[in-house]
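Each reported figure results from applying straightforward, stated rules to the coordinates on display, with no laboratory input. Note that this is a predicted model, so its numbers are computed, not measured. Positions of Cβ are backbone-derived with ideal geometry, glycine not excepted, and every protein chain shown enters the neighbour counts.
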Amino acid sequence: MRTVAVGVPAAVLGGTVSLVSPAEARSGTGSMATGGYEPPVCAPGSGTIIQWGPYNAPAVPEAGLSGVTAISDGACANLYNLMLKDGRVTLWGNLNLNDRNQQRLSRVPVAATKDVTAIATGGSYAFALRDGGVIVWGGTYDNQLSLPEAAKSGVTAITGANGGNSYGLFLKDGGVIQWNGYVAVPDEAKEGIVAMSARKHALALREDGRVITWGPDLPANLTVPAEAQSGVTAVSAGAGFSLALKNGAVIAWGGNDYGQLEVPYEAQSDVVAISAGVWASMALTASGKIVTWAYNFYGQLDIPAEAHCGASAISCGYVCMVLL
């Protein structure tokens, strides 16, 4: 999802979305663009969001064309995404405001419009981190938004589960705090943790480079391979599969129905960030090249040229995004 190194933890450039058909997206003959808007020249460090994937994904608002510092793609196909700019959270998407639940999600709380330092999406919820305290909104009822007392101060990182069960993971004093989860955090994830990621299952990275996983998911996905037992520097949870980064190479395990485990040669060296999606995954190399692989149903493998432009963050779910 988050979190840059873990996979961040979504969009297209401004305007309106060009209606490229799914068939065109799959064939590579079309990619996400914006009506009448010319993509910017290569401008690393500009804080510009570039998105591709589903033809009907929500277009990035004007605020996403510069100065953005973090991105997070939402759980459901084309529903919503988050960006962080000047400490303010912006949520955008294909929301049906006649639906009370989606209306609740669309209303970013006042507390998340100033001094926010991190963002995360988690199913029908959204999260923000401000002054070490977690902010959560969305869901169906106010009583679902109660956070554990430990999440109200001293939190240093957040991530959300974007598949199946909606829950959040928060890192505090090297231990994982879980909100709304159905499977308890294992004891070995309650100390010595430096990074985490979640979708239906959860991943935590210990300071000794060992990966821990838990959650209601495929047995194959919950068995960490030997090569991910040490030396790992980043993790990212996908839909029924997992990714880890070790010595610049991507390690993948779990379900392989769509080729999620078939890591291309370009992602087997010099990789600096990873993001596991729903059916496809993304990696960023030290040279600024974006690599995607697995299923191309939504056109996730049809990378626009401007994405290879020195991204500072990547995020892949149903849509793929990079932040220049």
*asked:* Beyond a 27 Å Cα-Cα separation, which of these cross-linked pairs lie in this structure: K152/K289; K114/K289; K114/K172; K152/K246?
replied: K152/K289; K114/K289; K152/K246
*Residue-wise, which Karplus ³J(HN,Hα) couplings in Hz belong to the range 131-144, taking 6.51 cos²θ - 1.76 cosθ + 1.60, θ = phi - 60°, and x for glycine or proline?*
6, x, x, 8, 10, 10, 8, x, x, 10, 9, 4, 5, 7
*In straight Cα distance, which aspartates and glutamates are under 19 Å from K190, not counting same-chain residues fewer than 8 positions off?*
E149, D173, E207, D208
*Listed highest first by mean packing, meaning other Cβ atoms within 10 Å per residue, what order do 310-323, 166-179, 144-157 come in?*
310-323, 166-179, 144-157
*asked:* Given points 7 Å out from each Cα along the Cα-Cβ axis, report the D257 to Y182 separation in nanometres with one decimal.
replied: 1.6
*Sequence-separation-based contact order of the range 59-214, relative, with Cα cut under 8 Å and 6+ spacing, percent*: 14
_For D131, project a label point 7 Å along Cα to C-beta. Then give me every residue of the range 49-88 with its amide nitrogen under 18 Å of that point._
87-88
*For the range 251-263, in order, what is each residue's ³J(HN,Hα) by Karplus, 6.51 cos²θ - 1.76 cosθ + 1.60 with θ = phi - 60°, in whole Hz (x at glycine and Pro)?*
10, 10, 8, x, x, 10, 4, 10, x, 5, 8, 8, 5
*asked:* I'd like the distance separating the alpha-carbon centroids of the range 260-287 and the range 119-184, in whole Å.
replied: 27
*May I ask you to derive the FRET efficiency for S287 and E227 from their Cβ-Cβ distance with R0 = 22 Å, giving the value to the nearest 0.05?*
0.35
